[in-house]
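The next block holds one structure in the form of structure tokens; read it before the comments.
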């Protein structure tokens, strides 16, 4: 009889498919899979039987829905119910009432984004298409919560269960998108003159005075908040990530200084010497595909370091196309997994996970880092006051911490200025960090 080997846990299925192998090993990194009934019955450790019929005692039995045995992509019939106070779907039966593996795969693979869907005003997959939005669990890392409940079920069957779930320690990763490094300084004279007269004619006298003071050197550029942000990192011992918009070709949504700008290059070099940095692929690179490789090459030449991480500008990406392109140019990790119009958990998960390419039916090496809070979304799309945004970011912090997840936030340097319209947001961010890390 096979003896239990320390922490080894065994999962049985009659057919080890690419989808099944992906989701089980993604959620349970220490698990072993088997399609041998003899080995499974003989195993003395923690066991999960993923089968139509229960054939072994002292095991957790989950009945397959069928999704993981398929090799195509088609509309799935989804009816939500509840399991121990949490939403669930793909109801089957067994010791828990649904196929947790298929449901988790559906959410992490972003299966629904391969199906026909409506686009938002920026041509992105709209959150209103998603099951998470329709069933009101968008603000919940549902897969993580299912896993916590599953652990309880396993412990009831095996008191010394050491069934390991992916990651067990909460972490916080503050990230910043540098869409516009400077508001006035280092921009061409003609642009500042045009902006001066435009603001004057519109009666924006504060902006007229501010522009004049900055351009004459009497005051620092309001968007140059990097030293202040840096002071927060040092004070609260944080390790941030910066994503740099590297303009090779200007466009309507790509308004940073040109990559040729000496001031911009010095800023990127200074930040990259101290912190992890990645590419912020431009809006245009989503259409003009040659730009992605050129922007990556340009940024690497500026900072003299290889680039392996990214987050798309305006969170403009599509699956599988964008991820396939990122892999092709050498990106290893991406931080775009969120919606641009609403905060929440796009993949219903609060931990990094490998991307599964449904089109090719393979597990890729690309690691996806989902995030759930962006200050611009709170302000522009959700129309939150700074007080509401403070409650929102704290809610997501507390929620991710409860499931031992990775809490990733997104702020912009131009949102953290001392300008009258943004000073309260700057103070809110500092207060959040002090409360939770001070």
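The values are calculated or read from the model by the stated rules, or taken from the named source; none is laboratory data. Not measured: the values here are computed from a predicted model. So basically every Cβ, Gly included, is an ideal-geometry build from the backbone, and we count neighbours across all protein chains shown.
Summary of values
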{"quantity": "Positions within the stretch 413-425 being touching a residue at least 60 places away in the same chain (Cβ under 8 Å) and either in the same structural domain as residue 141 (by TED's automatic domain parsing) or surrounded by fewer than 20 Cβ atoms within 10 Å (Cβ to Cβ) (or both), in sequence order", "calculated": "418, 419, 420"}
{"quantity": "Residues located in the stretch 402-413, provided they are farther than 9 Å from residue 172 by Cα and not in a loop (DSSP other than H, G, I, E, B)", "calculated": "402, 410, 411, 412, 413"}
{"quantity": "Failed item, numbered, when residue 98 is tested on (1) out of contact with any helix residue (DSSP H, G or I) (no Cβ under 6 Å at 6 or more places or on another chain); (2) surrounded by fewer than 21 Cβ atoms within 10 Å (Cβ to Cβ)", "calculated": "(2)"}
{"quantity": "Restricting the stretch 356-401 to residues that are free of Cβ contacts under 8 Å to residues at least 60 places away in the same chain and assigned to a strand (DSSP E or B), the residue that is surrounded by the fewest Cβ atoms within 10 Å (Cβ to Cβ)", "calculated": "365"}
{"quantity": "Looking only at the stretch 294-312, and only at residues there that are closer than 11 Å to residue 330 by Cβ and in contact with a helix residue (DSSP H, G or I) (Cβ under 8 Å, 6 or more places away or on another chain), the one that is surrounded by the most Cβ atoms within 10 Å (Cβ to Cβ)", "calculated": "310"}
{"quantity": "Hits in the stretch 320-349 (condition: more than 26 Å from residue 375 (Cα to Cα) and either buried (at least 21 other Cβ atoms within 10 Å of the Cβ) or touching a residue at least 40 places away in the same chain (Cβ under 8 Å) (or both))", "calculated": "320"}
{"quantity": "Test: residue in the stretch 158-173 that is outside any loop (DSSP other than H, G, I, E, B) and at pLDDT below 95", "calculated": "no"}
{"quantity": "Any hit, the stretch 48-59, residues being in contact with a helix residue (DSSP H, G or I) (Cβ under 6 Å, 6 or more places away or on another chain), outside the structural domain of residue 97 (by TED's automatic domain parsing), more than 29 Å from residue 140 (Cα to Cα) and assigned to a loop (DSSP other than H, G, I, E, B)", "calculated": "no"}
{"quantity": "Residues satisfying the stated conditions in the stretch 337-355, i.e. in a loop (DSSP other than H, G, I, E, B) and touching a strand residue (DSSP E or B) at 6+ places or on another chain (Cβ under 7 Å)", "calculated": "337, 338, 343, 350, 351, 352"}
{"quantity": "The lone exception for residue 45 - which of (1) crowded, with 17+ Cβ neighbours inside 10 Å; (2) out of contact with any helix residue (DSSP H, G or I) (no Cβ under 9 Å at 6 or more places or on another chain); (3) in a helix (DSSP H, G or I) it fails", "calculated": "(3)"}
